[in-house]
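*Asks:* Below is a structure I'd like to ask you about.
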Amino acid sequence: MHPAPAPKLTVKRQDGSYLEFEWDKDVFAIGRDGTNDLIIDHALASRRHARLERTEDGFFVRDLNSTNGTFVNGNRVTDTHPLADQDQVVIADTIITFRDPEATARGPLPPEVLRTLRDEEDVRVDSRAKEVYIRGQLLAPPLTVKEFQLLELLYTRKGQVVSKDEIARSVWDYEVFDYNAIDALVYRLRHRIEENPSNPRYLLTQRGFGYKLVSTLE
């Protein structure tokens, strides 16, 4: 009998850094202290914040009475919480995505099947699961929080121009904002969802007004 393949963990920080590795031990410690397996050097992380545990019953995350909490898919963990494929564990500024190689594949039907559906979209945002699908394929690694918030805003207003002022209020909650930061966020998002970011087909600039999303190409 072949041993079960090890799950994978992907780690994304708000600064855009990204790391992927195998969960190859029974206990995986997380926190600000340098002795942890995953060090989160952030003021909101406790020295010994949480740990991932692998048992005969499955995979779990355990909060170690941290000050600011451990969250799974937006819900705060009390004691332990089981992990399923694609679950996202949030600690301080870090998102840890659990990927179970033995899980039943989730996501889209083959493109040739999708083309027969009237509501097929090239860009689809699942707000509840915090997932994005591009031409039927799950976008991985996932977007950063602000990238997702911008895309979600544009997706809810598909085909409509959204002004930079509205983007600033919705994504940053500011009344007045440096538009250069919005342009930089759009630039990063295009590099995630466009085949050719320098010639975008989905996230379009309406010069002098703002941006709009075209989720389905004619």
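The values are calculated or read from the model by the stated rules, or taken from the named source; none is laboratory data. This one's a predicted model, so the numbers in the text were calculated from it and none came from an experiment. Reconstructed Cβ throughout: ideal geometry from the backbone, glycine too, with neighbour counts over all protein chains shown. Surface accessibility is based on the protein's heavy atoms, side chains included, excluding ligands, DNA and RNA. Shrake-Rupley method; radii C 1.70, N 1.55, O 1.52, S 1.80 Å.
*Asks:* Which numbered condition trips up Y174, out of (1) of a type in the set (F, W, Y); (2) at pLDDT 85 or above; (3) more than 21 Å from the chain's Cα centre (by Cα)?
*Replies:* So the condition that Y174 fails would be (2).
*Asks:* Next question. Which ones in the stretch 198-214 are out of contact with any Leu (no Cβ under 7 Å at 6 or more places or on another chain), assigned to a loop (DSSP other than H, G, I, E, B) and buried (at least 16 other Cβ atoms within 10 Å of the Cβ)? Working first, answer last.
*Replies:* As a first pass, look at the stretch 198-214 and keep what is out of contact with any Leu (no Cβ under 7 Å at 6 or more places or on another chain): 198-200, 204-210.
Next, only the ones that are assigned to a loop (DSSP other than H, G, I, E, B) stay: 198-200, 207-209.
Passing the criteria: only P200.
*Asks:* Now, a different point. Assess whether E112 counts as being exposed (fewer than 11 other Cβ atoms within 10 Å of the Cβ), of a type in the set (D, E) and at pLDDT below 95. Working first, answer last.
*Replies:* Numbers: exposed (fewer than 11 other Cβ atoms within 10 Å of the Cβ): yes; of a type in the set (D, E): yes; at pLDDT below 95: yes.
Judged against the criteria, E112 is a match.
*Asks:* What strands (runs of 3 or more DSSP E) lie completely within the stretch 37-91 and have 2 or more residues being crowded, with 17+ Cβ neighbours inside 10 Å? So that I can check it myself, show each step before the final result.
*Replies:* On the way: elements: 50-55, 58-63, 80-82, 88-91.
Answer list for the stretch 37-91: 50-55, 58-63, 88-91.
*Asks:* On to the next question. Taking the stretch 125-141 on its own, how many of its residues are charged (D, E, K, R), buried (at least 17 other Cβ atoms within 10 Å of the Cβ) and not in a loop (DSSP other than H, G, I, E, B)?
*Replies:* Qualifying residue count, the stretch 125-141: 1.
*Asks:* Identify, please: which residue in the stretch 2-24 is open to solvent by 30 Å² or more (accessible area, probe 1.4 Å) and charged (D, E, K, R) and is, among those, nearest to F98 (Cα to Cα)? Before you say what the answer is, go through the steps one by one.
*Replies:* So in the stretch 2-24, the residues open to solvent by 30 Å² or more (accessible area, probe 1.4 Å) come out as 2-5, 8, 13-22, 24.
The next check asks that each one be charged (D, E, K, R); those that pass are 8, 13, 15, 20, 22, 24.
Values: K8: 6, R13: 15, D15: 20, E20: 10, E22: 10, D24: 13 Å.
Residue satisfying both the conditions and the ranking: K8.
*Asks:* Related question: Quickly run through the stretch 3-24 and pick out the residues that are part of a strand (DSSP E or B) and of a type in the set (F, W, Y).
*Replies:* Y18, F21
*Asks:* Follow-up. Please tell me if F28 is of a type in the set (F, W, Y) and more than 19 Å from the chain's Cα centre (by Cα). Spell out how you get there, then give the answer.
*Replies:* Values: of a type in the set (F, W, Y): yes; more than 19 Å from the chain's Cα centre (by Cα): yes.
Judged against the criteria, F28 is a match.
*Asks:* Residue pairs, Cβ under 6 Å, 6 or more apart or interchain, first in the stretch 172-184 and under 20 Å from G16 (Cα atoms), second open to solvent by 40 Å² or more (accessible area, probe 1.4 Å) and at pLDDT 85 or above. List them.
*Replies:* Matching pairs, first to second residue: Y179/K164; I182/K164.
*Asks:* Here is a follow-up. Taking the stated definitions as given, is V27 among the β-branched types (V, I, T) and crowded, with 19+ Cβ neighbours inside 10 Å? Even if it seems obvious, please write down each step before you answer.
*Replies:* Numbers: among the β-branched types (V, I, T): yes; crowded, with 19+ Cβ neighbours inside 10 Å: no.
Taking the combined requirement at face value, the residue does not satisfy it.
*Asks:* Also: Output yes when any residue across the stretch 177-185 is closer than 25 Å to A140 by Cβ, of a type outside the set (K, R) and touching a strand residue (DSSP E or B) at 6+ places or on another chain (Cβ under 6 Å), and no when none is.
*Replies:* no
*Asks:* Has the stretch 84-92 got at least one residue that is among the acidic types (D, E), over 28 Å from L189 (Cβ atoms) and without any contact (Cβ under 8 Å) to a residue 24 or more places away in the chain?
*Replies:* Checking the stretch 84-92: not a single residue is among the acidic types (D, E), over 28 Å from L189 (Cβ atoms) and without any contact (Cβ under 8 Å) to a residue 24 or more places away in the chain.
*Asks:* Also, I was wondering about something else. Name the residues in the stretch 185-197 that are open to solvent by less than 70 Å² (accessible area, probe 1.4 Å), in contact (Cβ under 8 Å) with a residue 12 or more places away in the chain and of a type in the set (D, E, K, R), would you? Let's see the steps before the verdict.
*Replies:* Of all residues in the stretch 185-197, those open to solvent by less than 70 Å² (accessible area, probe 1.4 Å) come to 185-186, 189-190, 192-194, 197.
Remaining after also requiring in contact (Cβ under 8 Å) with a residue 12 or more places away in the chain: 185-186, 189-190, 192-193.
Once the filter is applied, which keeps residues that are open to solvent by less than 70 Å² (accessible area, probe 1.4 Å), in contact (Cβ under 8 Å) with a residue 12 or more places away in the chain and of a type in the set (D, E, K, R), the stretch 185-197 yields R190, R192.
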